[in-house]
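Notes follow once the structure below has been shown.
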Amino acid sequence: MKSLIRAVGAGVLALSACTAFAAEKVTLGVAIPTATHGFTGGIVWWANQARQELEKAHPDLKIIVKTAGSAPEQANQLQDLLTVNKINALVIFPFESASLTKPVAQVKGKGVYVTVVDRGLTDTSAQDAYVAGDNTAFGKLPAEYLAKRLGGKGNIVMLRGIPTTLDNERYNAFMGVMKQYPDIKVLDAKYGNWNRDDAFKVTQDYLTRFKHIDAVWAADDDMAVGVLKAIDQAKRTDIKEVFGGAGAKGMVKTILDGKDKRIQADVSYSPKFIYDAIKLTAEARLKGAKLPATTIIPSVLITKENARQFYFPDSPF
Amino acid sequence: MQPEPVESPTVSRKWRSVLGGLGPILGLVALCIVGTALNPDFATVDNLMNVLTRTAFIGIIAVGMTFVIMSGGIDLSVGSMAALIAGSMILFMNGLAGGGHAPLLVVALGMGLALVLGLAFGCAHGLLITKGRVEPFIVTLGTLGIFRAFLTWFADGGALTLDGALSDLYSPVYYASLLGVPIPVWIFAAVAVIGSVLLNRTAFGRHVQAIGSNEQVARYAAIRVDLVKILTYMLLGLCVGIATLLYVPRLGSASPTTGLLWELEAIAAVVVGGTALKGGEGRLVGTVVGAILLSVISNILNLTSIISVYLNAAVQGGVIIVVAFMQRGRR
């Protein structure tokens, strides 16, 4: 059955490739969430960056960027992109996986080449290509790093984001590594909602509750800011490492300059992958080619040595 | 108290209202006992100060909100307003510092700007509601979106961060203590006391209550309804400005998540504290207790791990309903 769908999908794809080629023009729709926090702010910035660069380089290419504040709004935008803008390629960062699967499938059914970014659809036959960051590495790398820094022994507290599959993947990857280190105790994991203020409060309470903490896995660079402030306020010196995540420019700068002893490393999960996805899709479609089914943009450990290449001072993130 | 038997219903109503006012306090006491039983660290002075300090933002806003709700209005925009004020303050201060002004002056001007913006936004709400005759729910729902959108636009979707030197100079406003009590707690207390005097001891306070219980009658009684209403929104705006003054030095930054859902927390604090959402009657002490109660719940949840983190919001919701129920039972 699945292979049948795939075959049909490939047929549709081939057809759409022909039409795209015949017109020799690519109209690429980009549907992304609105900037509500640092990370999505970066997504919007990188998407517009890609539009500027690529439209300049390719006169046959037109890119339309739409931002949505909710899943229904994004679904409406897909319809507009299809009927008003007559797109023949789409790069979408779905607001939610489940509720956008059907709308995306409809767009694809009309012969549009679809690249899905970051949050996978529940039915993968609704997409032609999938480009994503590596959430497993996002949890695994900090776990390995912290275990090494602590010498396999100590107390860790952690923060989680917002209850989502993405957050679960990271959490499970982290805990999976920790299983190999029976002498490292993970004291607790509470939600900080990827938000500085909530992370500050949760950390204050961790510090009240646990008299000795060796490391904090803040799991996000915004949350790490709140964590550091709370530790400073309590004047606690037992915490040797604070590990954020995503590679926000402020954090990368801190590593680069060696400004904070507790921040020695970070893991990349850059909103730049929307730029990569738009670029890969646009260039492939201009040639009438297609992308591999899945492209994973690897998450890597950022340390002082390689921080320079992850520092984008102009990006808001 | 008068000896005539005719007066006795008033007396007993007064008593009942006092008992009703005890609802949230009893709830808070019960919560504190539970908290101490679950984790002895709960009852330490440090933790108490943490909780009170973080309550200060919502608490100060809730004091202003009490006046607005008591006059029969509502303001949904306070969280977004706080975010926009915080962002504007940071941009303004960074700009001035870049222009080579003395840091102390810059911070003082920034704080002044926060208060002026709060008053101006409140005044705009009041005018749209009274002179423009648009429902307060709609006016402030509109500005909720407008304020946050502007902050996001200023911040390019990222975070606005206060310059290092300014941030160091300004941070004592949040982190310093006076007589062992953090500054935000002092300011919270001062705002609560002033609010309480304003509500219970002045003509303005009585007019607010009169308008909330019956606007038409208040008009016939020659109360300048429009002016009083505008003043309640300006007072709330001022409270948001004060809360923002305290918020900015904490993290030295504003982002599109700043003040998210503060409006609901502030309204919940007011209503849990015994103020009727339809207006007319309420207590400022109740609001203060309500605000503290809300942050104590999440504090206790953070200090323990007996239930799944997935259920935190359910516990919060449950406690709020139980406290509101106690209050109703005693009225």
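Quick notes on this structure:
- Over chain A: helical MRE at 222 nm, DSSP H runs n ≥ 4 each giving -39500 (n - 2.57), nearest 500: -15000 deg cm²/dmol
- The residues of segment A:135-267 expose on average 37 square angstrom of accessible surface per residue, using a 1.4 Å probe on protein heavy atoms.
- Along each principal axis, Cα extent of the protein assembly as shown, largest first, Å: 96, 60, 60
- Among the listed pairs A:K201/A:K235; A:K201/A:K272; A:K66/A:K259, those whose Cα-Cα separation exceeds 27 Å are A:K201/A:K272; A:K66/A:K259.
- Highest GNM mean-square fluctuation among B:N302, B:N50, B:N200, for chain B modelled with Cα contacts below 10 Å: B:N302.
- Karplus-derived HN-Hα couplings along segment B:67-79 (A = 6.51, B = -1.76, C = 1.60, θ = phi - 60°), whole Hz, x at Gly and Pro: 5, 5, 5, 5, 7, x, x, 7, 9, 8, 8, 4, x
- Here is the P(r) of segment A:205-315: all C-alpha pair distances, binned every 10 Å from 0, give 13, 37, 25, 15, 7, 3, 0 in whole percents.
- List A:K259, A:K62, ordered by accessible area with a 1.4 Å probe, largest first: A:K259, A:K62
- Share antiparallel - DSSP beta bridges, the protein assembly as shown, percent rounded to 5: 15 percent
- Segment B:44-154, Cα convex hull volume normalised per residue, Å³: 131 Å³
- If both residues of a DSSP beta bridge must be in chain A, then about 5% of such bridges are antiparallel.
- Cβ neighbours within 10 Å from other chains - mean over A:196-209: 6
- Accessible surface buried at the B:A interface totals approximately 2600 Å², computed with a 1.4 Å probe on protein heavy atoms.
- Taking all Cα-Cα distances within segment A:23-177, those exceeding 24 Å account for 42%.
- Residue-normalised accessible area of segment B:189-331, expressed per residue, 1.4 Å probe, Å²: 42 Å²
- Peptide B:37-49 is shielded by partner chain Cβ atoms: per residue, an average of 2 of them sit within 10 Å of its Cβ.
- Ordered from highest to lowest accessible area with the whole protein assembly present and a 1.4 Å probe, B:V173, A:V117 read as B:V173, A:V117.
- Solvent-accessible surface (1.4 angstrom probe) belonging to A:H58, in square angstrom, nearest 10: 50 Å²
- Share of alpha-carbon pairs per 10 Å distance bin for chain B, given as whole %: 6, 24, 32, 25, 11, 2, 0, 0
- Rounded percent of accessible protein surface that carbon and sulfur make up, segment B:251-290, 1.4 Å probe: 72 percent
- The relative contact order of segment A:170-259, computed from alpha carbon pairs under 8 Å that lie at least 6 residues apart in sequence, is 26 percent.
- Chain B: calculated mean residue ellipticity at 222 nm from DSSP helix runs of at least 4, using -39500 (n - 2.57): -25500 deg cm²/dmol
- By a 1.4 Å probe calculation restricted to protein chains, A:F310 has an accessible surface near 40 Å², given to the nearest 10.
- Whole-percent carbon and sulfur share, accessible surface of segment B:96-147, 1.4 Å: 78 percent
- Per residue, the average separation of C-alpha pairs within less than 8 Å and at least 6 apart gives segment B:40-330 a relative contact order of 36 percent.
- Taking a ≥ b ≥ c as the square roots of the eigenvalues of the Cα gyration tensor, segment A:135-267 is classed as rounded, since a/c falls below 1.5.
The values are calculated or read from the model by the stated rules, or taken from the named source; none is laboratory data. As the structure is a computational prediction, the values presented were derived from the model and not from experiment. Neighbour counts run over all protein chains shown; Cβ positions are idealised from the backbone, glycine included. Only protein heavy atoms, including side chains, enter the accessible area calculation; ligands, DNA and RNA are left aside. Shrake-Rupley method; radii C 1.70, N 1.55, O 1.52, S 1.80 Å.
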